[in-house]
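Participant: I'd like to ask some things about the structure below.
Read-outs throughout are calculated quantities, based only on the coordinates presented, and are distinct from any laboratory measurement. As the structure is a prediction and not an experimental result, all values here were calculated from the model. Every residue, glycine among them, receives a Cβ derived from its backbone with ideal geometry; neighbour counts consider all protein chains shown.
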Amino acid sequence: MEGYAYARPTSVAEAIGVLQSDAASGRRSQLLAGGTDVLVQMRSNDREPRTLVDVKHIAETNRVDIGDEEVFIGAAVPSAVLNENAQLKALFPGLLESADLIGSTQIQGRASIGGNLCNSSPAGDTIPAIIADGGICVIAGPDGSREMPCEEFVTGVGQNALGAAEFLLGLKFKTPASGSGDAYLRFIPRTEMDIAVAGAGVALTLDGGGTCTAARVSIGAVAPTALLVPEAAEALIGTQVDAAALAAAGAACSAAASPIADKRGTVAYRRKVVGVLCRRASAIARDRALNNIGGSQ
Amino acid sequence: MAKVVFPDHLLQQTGGTKETTVEATNFRGVLRALEKLWPGIEETLQKTAVAIDGQIYQDAWLEPVRPDSEIYFMQRIEGG
Amino acid sequence: MAEAHDYKAIGTRPVRPDGVDKVTGRANFGADLNLPNMLHGKMLRSPHAHARIKRVDVSQALAMDGVYAACAGGDFPTNERTTDLAKNCMARDKALYHGHAVAAVAARTPYIAERALDLIEVEYEPLAPVLDVDEAMADGAILVNENLHTNGDASKPASNVAAIVKFERGDVEQGFAEADVVVEVDCRVPTAHQGYIEPHACTATINEEGEATVWCCTQGHFDVRSLTANVLGKSVGEIKVIPSEIGGGFGGKTIIYLEPIAVKLSEMSGRPVKMVMTREEVFRATGPTSATHCRAKVGAKRDGKITAASAWLAYEAGAFAGAPVGPGCMSILAPYDLEHFSIEGHDVLVNKPKVAAYRAPGAPQAMHAMESAIDDLARELGMDPIDLRLKNSADEGTQAPYGPVFPAIGFRKCLEATKAHPNYTKPKAEGTGRGVAAGFWFNIGMQSSAEARLSEDGTVTVVEGNPDIGGSRASMCLMAAETLGVPYDRVRTHVGDTESTGFCNVTGGSRTTFATGLAVVQACEDIIAQCKQRAAATWDIDVEQVDWADGQAIPKPGVNVDANPLSLRDIAKNAGRTGGPILGRASVNAQGAGASFSVNFADVKVDRETGKIDVLSFTGIQDAGTAIHPAYVEGQMQGGAVQGLGWALNEEYIYDENGVMENAGFLDYRVPVASDMPMIDTQIIEVPNPSHPYGVRGVGETPIVAPLAATSNAARDALGFRIADLPLSPPRVLEAIDNQADA
Amino acid sequence: MSRVHVTLSVNGEPREMLCEAHQSLLDALRDELGMTGTKEGCATGDCGACSVLADGRLVCSCLMLGVEAEGMDITTIEGIAQGSELHVVQRKFLEAAALQCGICTPGFIVAAKALLDQNPNPDETTIRYWLAGNLCRCTGYDKIVRAVQDAAQELAYEA
């Protein structure tokens, strides 16, 4: 049990093997992608020795596939790599902005959206964006792979649906239809380097007349997990996403929030600001969608 | 006679005297004269800074004092 | 000293002599030294903000494989003369704040040392902590130190108030009675940390005869020597301190934390011991500055003449006496010429880390209060805030509130420069606010030594004892080059250790360029005097017949001698034949530090839906005296401004109800990042200090003083109402906006 | 505790080191390879003093394990100058007085070089956001940003 160990599997099967063998021997193992959360935790509140299972040398976790129907983003692809992918950025500007907001340029060189999701912090920036975009988690395990909607993946503060010998391969999205747009905004006290005090991700689709036909709204840092807020989406659907609809969506987010007060913000502050962010993000998503009407992206 | 002025938080040691005059040719003489007036005060005053005719000294001792000099005791200043 | 000078070196902007090593990674900082057989020391820190220490048992830690030494309070001399600083380095009977050191170990690796800490047994009796200055001053407060009496007066009951200081002039009641308008501000400023990027670090070794060598990052290695000797009960001569390069200090590295512990662990283990703090330790256990509660009141006639001002200041000292409330009291009204005032300050103990100096210690908090009040006064009077200050400005001949009469000072010039500055005359943008505030710092002199050594090729090595924290080697080289009349690149400056150079007080208080610079100038003058003697001997004339100009000895006009001028190089080459090496020396206790005044103004924008304040522009105007290296003077002004802006906007220690700091890291202790800030515009006003040969005042402290109030005043302008407390963090601002809307 | 043998390239030279599994690349560089030019300011990825390039990408070496560097090309501050010739960013930092204490400087220089490698003509906002992960407590960033602008300008002029 004494001491840390490091494993660097190069296939899904090998990774699962390491996880299974540790589980069987009662040894703790922890998945390592970019490591930007794991290494910090190892030095502060969680020093217990363990096996670090580095899952970023597996083809599947590094894959980015953009198809006509579906987009797949490997769990370990660093945020900086995603943001250099122009095609992906055109399809999911909001999602990529959320990844771009995590920490510094240096952090983005390592941090992945898969890692952000598996860290399962209430304030993880990519999580509301993934949920808004309808992301599906693709999970590898001893019995093959399984899928689940992102909003079901995170189960509590720092907790998720991964079983002992499972790990996240990547995220699947439907390729956005014409007239779609997404956006993610968060509030932080500085311009960079902070953890979100509140965040809101919005994805919506407009018809040729600019009426919203579909929407998903998700909020972060205002509850133990990121929340999907159907009431906010309903406030947008069927409207021109005008000021009244934006205000209603924002109010729905404020109502859905159940924040705590901590060193980063008070309950009242988070509740109010998450509504503001939803309003502003929805307007950005709307404008992006308007630009995409009729055109393939 | 040189004029000596104490800040208000030292008045406890001077029995409330805020201002006095002393006969001295240098600062050391001032301290001696004050010690005679208020035994024990020299130790306190050596831990303070002093302004003699507008010039601030952190560790005054041999500085000359003229009959028309003005001497203000003040807090020591350090810095970042 | 006349205004205009034809300086050749001074006022230029050459590359600093230590620059290349610092841009290539060669420069060695506190944690960069590794010695053979070295162990790594780690500190066990109190999990309680206030607790009696009943027992410390390190035996299990010592038994761990790879652990070589362990110590606790009982291993250090303890008697009635034990200083607060010694007790701060290692707790004795009581842990006085969360993070207070209680034991230490040395082990083969840092990882083993950390694990060994878990094996140290400490039996605590937790006590209720006192965490706030108002709470600490209340009747019946929990006492941090049961033996502490206000101003040492043991006839009164014990108190958390270590000292009360007062400054008064005239009749303040009468002054307020004469006023047409009176305004008052009551405000709190939170604990802020210096935030130097380099954590405290040291390596120590001690031999069998008890002679210790300490390498460390410090602002003053002579102070490290005496303080370490004091904690260990050793003589100063037994300790040698070698300063590394220093990665920022801002006052926080003027005292010691690790050094005596590392020496003790080295003594116990017989091996060198390195100790490096984590960032978390830096926040929990090293020098923040005081959180404060201040009230400022000011009254004036309709025409803007201030008739009276008063201030009440309460400063948290942390667990031991010594908050910078004295300088706070002395600076708060320094910019103004006043007939009636009263100022009262309180130095108050709380169960938080002992405060350390932070850039113009005590002044930013005090002047935030008074400069906010002055701003409100200008609004009440309908006056431009610069005009109001001009009407009451201190000047040459004004008696400062703390006693002495100002010699030539530059406050009025700063005010006039502000009025004329394009950033001030341009209209502010729609929806933004502009705020002005004044700043002040005394600057200090104190003791310095320097040597100037003439090498055989005529180059000069200056050796002095002030760690170079921001380009001071360059300033020393410039002053030496100017004095000697040689090019800048013929001079190198070396920071010597405690054995290779004479005594110097700390690099702090903006004293180095002034006081150590004075010693360097005098050491160079000593070289010149010797060179003139050598030239006179060479020419067979009297030394009185020799002049020194442009780096060479020349016969005085009219002296009839057939001689070519002798350059420094010529004299150096023949030094062996004319009497041996040439070495200039000087030691000073520099008097006549010149006060440095400033005016700062900021334009800000407030997001009324999130409470976020963006600083759109910031201008610092400061009388720095002569700017020896203007780029580093600007750098001090810019850096101090951004520290002040950080404090104004987001920096604060956040404590839980048990006195545990909740944001002990750069993630949540939010210093400004590059994208938060605009360019910081500067204008250097140069009113030479008459007490320095080149007119140096000192620059580094003043820049942090005005930004707090300037930001607060700008936010006041943008919002239409004042938020008195800092920081102006988004939740506080949004709450105030909402409350204002409800009212 | 078993140590892991790691083979990597540092500043173009093949190197080997033995790392503990939990040891950061920063600690491995400093303690195993003796390369102390890379600094630790926080060990939590918040200050950027430990910035290095890993396969050309800017990272915090405190947030990478030494063992993760297996097979990688690592560039540290010691490898930015070419022989005795300073990199233009280093030179501009000196000329613009963009350092005071100098502890953050290695990280800033590595980060600024990485920026100019991929974007030779960044505007002020781009520079400020790119460098937001590098804390400087001395300069207020003004002269650092100007030094990077100067370096970009010189590179553009040379190009």
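Participant: Can you find, among A:GLY158, A:LEU96, A:LEU169, the residue farthest towards the positive end of the dipole of segment A:59-174? Put +1 on the C-beta of Lys and Arg, -1 on that of Asp and Glu.
Facilitator: A:GLY158
Participant: If you count, for every residue in B:28-34, the Cβ atoms of partner chains within 10 Å of its Cβ, what is the mean?
Facilitator: Per-residue shielding by partner chains comes out at 0.
Participant: Subtracting the Cα-Cα distance from 0.36 nm times the residue separation, let me have the gained length for A:ASP207 to A:THR155 in nm, one decimal.
Facilitator: 15.3 nm
Participant: Something else about it: Test of understanding: ordering C:SER596, C:SER155 by Cβ neighbours within 10 Å, fewest first, what list do you get?
Facilitator: So the ranking, lowest neighbour count to highest, is C:SER155, C:SER596.
Participant: Further, regarding this structure: Of C:LYS426/C:LYS612; A:LYS263/C:LYS612; C:LYS391/C:LYS605; C:LYS612/D:LYS143; C:LYS54/C:LYS87, which ones are farther than 18 Å apart at the Cα?
Facilitator: In this structure, C:LYS426/C:LYS612; C:LYS391/C:LYS605; C:LYS612/D:LYS143 lie more than 18 Å apart at Cα.
Participant: Net charge near C:GLY140: determine it from the other residues with C-beta under 15 Å of the C-beta of C:GLY140, scoring Lys and Arg +1 and Asp and Glu -1.
Facilitator: With Lys, Arg at +1 and Asp, Glu at -1, the net is -4.
Participant: Right, next: Calculate the mean, over all residues of peptide D:118-126, of how many other protein chain Cβ atoms lie within 10 angstrom of the residue's Cβ.
Facilitator: Counting Cβ atoms of other protein chains within 10 Å of each residue's Cβ and averaging gives 1.
Participant: Still on this model: Looking only at segment D:3-79, where both bridge partners belong to it, what percent of the DSSP beta bridges are antiparallel (to the nearest 5)?
Facilitator: 90
Participant: Under 11 Å from the Cβ of A:ALA223, count the other residues' Cβ atoms, weight Lys and Arg +1, Asp and Glu -1, and hand me the total.
Facilitator: +2
Participant: Next question. Give me the dipole magnitude in Debye, nearest 20, for the protein assembly as shown about the Cα centre, with unit charges on the beta carbon: positive for Lys and Arg, negative for Asp and Glu.
Facilitator: Once rounded to the nearest 20, the dipole reads 380 debye.
Participant: Could you list the trypsin sites (Lys or Arg not before Pro) in segment C:273-354 that lie in coil according to DSSP, counting only those with at most 13 other Cβ atoms within 10 Å of their Cβ?
Facilitator: Taking segment C:273-354 and a limit of 13 other Cβ atoms within 10 Å, the loop trypsin sites (Lys or Arg not before Pro) found are C:ARG302.
Participant: When ranked by the protection proxy of mean other Cβ atoms within 10 Å per residue, highest first, what sequence do the peptides C:440-451, B:65-76 form?
Facilitator: Answer by packing, highest mean first, reads C:440-451, B:65-76.
Participant: Defining a contact as two alpha carbons under 8 Å apart and six or more residues distant in sequence, what relative contact order in percent does chain C show?
Facilitator: Normalised by residue count, the contact order of chain C is 15 percent.
Participant: Between D:TYR157 and C:LYS305, how high is the FRET efficiency from 1/(1 + (r/R0)^6) when r is the Cβ-Cβ distance and R₀ = 60 Å? Nearest 0.05.
Facilitator: 0.55
Participant: Right, next: Quick check: pseudo-label points 7 Å beyond the Cα along Cα→Cβ at C:GLU184 and D:ARG15, how many nm apart are they?
Facilitator: For C:GLU184 paired with D:ARG15, the spin-label model returns 6.4 nm.
Participant: Summing +1 for each Lys or Arg and -1 for each Asp or Glu, what net charge is found among the other residues whose Cβ lies under 12 Å from the Cβ of B:VAL65?
Facilitator: Once all neighbours under 12 Å are counted, the net charge is -1.
Participant: Before anything else, pin down the relative contact order of chain A: Cα pairs under 8 Å, at least 6 apart, normalised by residue count, whole percent.
Facilitator: Reported as a whole number, the value is 16 percent.
Participant: Other chains near C:360-372: what is the mean number of their Cβ atoms within 10 Å of each residue's Cβ?
Facilitator: 1
Participant: Quick check for you: which residues of segment A:168-186 have the amide N under 18 Å from the point 7 Å beyond the Cα of A:GLU70 toward its beta carbon?
Facilitator: Counting backbone N atoms under 18 Å from the label point, the list is A:168-177.
Participant: Sort C:208-215, C:78-85 for me by packing, meaning the mean count of neighbouring Cβ atoms within 10 Å per residue, highest on top.
Facilitator: Top of the packing list down: C:208-215, C:78-85.
Participant: Could you state the number of Å between the C-alpha centres of segment D:101-159 and segment C:430-458?
Facilitator: Segment C:430-458 and segment D:101-159 have Cα centres separated by 26 Å.
Participant: Just need the relative contact order of chain B here, percent rounded to a whole number, with Cα pairs under 8 Å and 6+ apart.
Facilitator: For chain B, the relative contact order is 38 percent.
Participant: Continuing with the same structure: Taking the Cα centre as origin and putting +1 on Lys and Arg beta-carbons and -1 on Asp and Glu beta-carbons, what dipole magnitude results for segment D:4-159, to the nearest 20 debye?
Facilitator: Dipole magnitude for segment D:4-159 comes out near 520 debye.
Participant: Please list, in order along segment D:141-150, the HN-Hα scalar couplings obtained from phi with the Karplus expression 6.51 cos²θ - 1.76 cosθ + 1.60 (θ = phi - 60°), rounded to whole Hz, x for Gly and Pro.
Facilitator: These are the phi-based 3J(HN,Hα) values: 6, 3, 6, 5, 4, 5, 4, 5, 4, 4 Hz.
Participant: Can you give the % of DSSP beta bridges in segment A:1-80 that are antiparallel, to the nearest 5?
Facilitator: Within segment A:1-80, antiparallel bridges account for around 30 percent of the total.
Participant: Separate question: Based on the mean of other Cβ atoms within 10 Å per residue, sort peptides C:45-53, D:43-51 so the most packed one is first.
Facilitator: Taking the mean over residues of other Cβ atoms within 10 Å, the ranking is D:43-51, C:45-53.
Participant: If you don't mind, there's one more thing I want to ask. Every cysteine in chain C with no other Cys Cβ under 4.7 Å from its Cβ, please list them in numeric order.
Facilitator: C:CYS71, C:CYS89, C:CYS187, C:CYS217, C:CYS294, C:CYS329, C:CYS414, C:CYS477, C:CYS504, C:CYS524, C:CYS531
Participant: For C:PHE721 and C:ASP134, compute 0.36 nm times the residue count separating them, minus their Cα-Cα distance, and round to one decimal in nm.
Facilitator: Gain on stretching C:PHE721 to C:ASP134: 208.8 nm.
Participant: State the answer as a single residue: which of C:ASN230, C:SER244, C:LEU649 lies farthest towards the positive end of the charge dipole of chain C, with beta carbon charges of +1 for Lys and Arg and -1 for Asp and Glu, about the Cα centre.
Facilitator: C:SER244
Participant: Next up: By a straight-distance test (C-alpha under 20 Å), which aspartates and glutamates pair with C:LYS156 as possible cross-link partners, with residues fewer than eight away in the same chain excluded?
Facilitator: The qualifying aspartates and glutamates are B:ASP8, C:ASP134, C:GLU135, C:ASP139, C:GLU146, C:GLU344, C:ASP347.
Participant: Something else: Find which of D:LEU8, D:LEU99, D:VAL59 sits farthest along the positive direction of the dipole of segment D:1-102, computed with +1 on the beta-carbon of Lys and Arg, -1 on that of Asp and Glu, about the Cα centre.
Facilitator: Highest projection toward the positive end goes to D:LEU99.
Participant: Could you please state, rounded to a whole Å, how far the C-alpha centre of segment D:29-78 is from the C-alpha centre of segment A:121-150?
Facilitator: Answer, in whole Å: 31.
Participant: If you place +1 on the Cβ of every Lys and Arg and -1 on the Cβ of every Asp and Glu, how big does the dipole about the Cα centre of segment A:59-174 come out, in debye to the nearest 20?
Facilitator: 260
Participant: Pull out the extension gain between C:ASN28 and C:SER155, defined as 0.36 nm times the separation in residues minus the alpha carbon to alpha carbon distance; nm, one decimal.
Facilitator: 40.5 nm
Participant: Given the C-alpha centroids of segment C:660-708 and segment C:321-375, what is the distance between them in whole angstrom?
Facilitator: The two parts, judged by their Cα centres, are 17 Å apart.
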